[in-house]
Amino acid sequence: MSSRNLLFLSGLFLILVLMYFIVQRAQRPETPRERVFVRVGQPSWAEADEVRVWLGRNKSQGFRLIFQDGRWEIRPLGEKGFPRPAKEGLVRKLLQDLAHLSGERRMQGKAFWARVALTPEAALHLEGFREGQRLFTLLVGKRGPYWESSFFRLEGSEVIYLAPENLLARFEIWKETPEAPKIDPWVDLTVLSPPPSRVRSLVLYQGKKELFRLERGKEGYLLQKGGKTRKISAEEVERRLREVFPLFAQAVVAPRKFTPRFRLVVKTDLRQEELLVGPWGKKSVLARRGPYLFRLKAENWQKIEKLPEKFQETP
């Protein structure tokens, strides 16, 4: 075969291979990641100290996440409800992700809003503030053609974007269209979580009476109870504290009067925390930490009451 014919056949083969890949790509729908995205979020959005979330025009069907007094807190937008501690890591991640939010430009015009649930009456609203100044207002509509996608637009704009993320899922909305946002995923149920290796002292009182005191010494820890002192190794203390902490609640409950029976004071290398605890029914206790009131399983609290019994004395 001449070199000319060989060159012709090679070129024909390359053309056929190229046509094959073009046909295959046309038959397979592109994933959102393969498309060109427009950056919508701004770096300043990550600096928000308040986020408001609600459904439609009824702000009572929503809540706000606000940073105040060194912590994130959940507060109702309506008249009903009470403040709860918020998961700081989850809020920070939301703000960082919104600051990097991007989407594929899909449609433009008010005529398309109803099709993807982006009318003011149907959409989920996300509004961010910094020191009282509004940074952004996003409207989130229907879930997109892929599970990990959703339609959104900026308030004041008619451009509709498709994000490569199901933004509704952030608020435990699993249906195709927006619903009232769920508050539960954002509530921090951590009552106490001192790092075991950083605990300097742990003291439990009943009324004014000190029941026991665990305190770090020069070598290990000293446990004082009933007028007796025992020496406990640091390894033993850390192992037993990991069985107790973190201490989680079943729920954060509305403020109410209750009679504390115990007072727990925990000092770490960084701070001191105090817990007031009292009975609530047969299987629960109430614990007040700062402005919040938690309901815990009684059996989890009893692990702290019985902590001295768990330690093995160091020879």
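Laid out as a table, the results:
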read-out	value
Residue-averaged 222 nm ellipticity for the chain, from DSSP H runs of 4+ at -39500 (n - 2.57), nearest 500	-6000 deg cm²/dmol
Candidate lysines for bridging to residue 257, where Cα separation is under 18 Å - those fewer than 8 sequence places away on the same chain excluded	282
Residues residue 303 and residue 190, FRET efficiency given R0 of 25 Å [Cβ-Cβ distance, rounded to 0.05]	0.95
Dipole in debye (nearest 20) - region 33-186, about Cα centre, beta carbon charges: Lys, Arg +1; Asp, Glu -1	300
Relative contact order for region 110-259, counting Cα pairs under 8 Å that sit 6 or more residues apart, in percent	14
All lysines inside 21 Å of residue 59 as judged from Cα atoms, apart from same-chain residues fewer than 8 positions distant	80, 142, 175, 182
Options 229, 301, 195, ranked by Cα towards positive dipole end of region 190-310, top entry (Cβ charges)	301
Residue-wise HN-Hα coupling along region 42-58, computed from phi with Karplus coefficients 6.51, -1.76, 1.60 (Hz; x: Gly, Pro)	10, x, 5, 5, 5, 8, 4, 10, 7, 10, 10, 9, 7, 9, x, 9, 9
Relative counts (whole %) of C-alpha pair distances in the chain, using bins that are 20 Å wide	25, 37, 26, 9, 3, 0
D (Stokes-Einstein, µm²/s), Kirkwood Cα radius, region 190-310, 1.306 mPa s at 10 °C	108
Whole-number percent relative contact order across the chain, with pairs defined as alpha carbons under 8 Å at least 6 apart	13
Value of relative contact order over region 33-186, rounded to a whole percent, pairs C-alpha under 8 Å and six or more apart	24
Nonlocal amide H pairs with residue 192, under 5 Å, H built at 1.01 Å	247
DSSP H segments from the chain that extend 20 Å or more along their own axis, Cα-based, with Kyte-Doolittle mean of 0.5 or above	3-27
Charge dipole (debye, nearest 20) of region 36-123; +1 at Cβ of Lys and Arg, -1 at Cβ of Asp and Glu	340
FRET efficiency, 1/(1 + (r/R0)^6) with R0 35 Å, evaluated for residue 37 and residue 172 via beta carbons	0.85
The chain, dipole about Cα centre (Lys/Arg Cβ +1, Asp/Glu Cβ -1), debye to the nearest 20	1020
Residues whose placed amide H lies under 5 Å from that of residue 123, excluding near-sequence neighbours	56
Hz values of 3J(HN,Hα) by residue in region 176-185 - Karplus curve (6.51, -1.76, 1.60), Gly and Pro given as x	6, 10, x, 9, 4, x, 8, 8, 4, x
Pairs beyond 24 Å (Cα-Cα), from 228/297; 231/267; 228/283	228/297; 228/283
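Here, each number is a calculation from the coordinates, and none is a lab measurement. Fair warning: this is a prediction, and the values are worked out from it, not measured in the lab. When we count neighbours, we look across all protein chains shown, and the Cβ atoms used for this are built from the backbone with ideal geometry, even at glycine.
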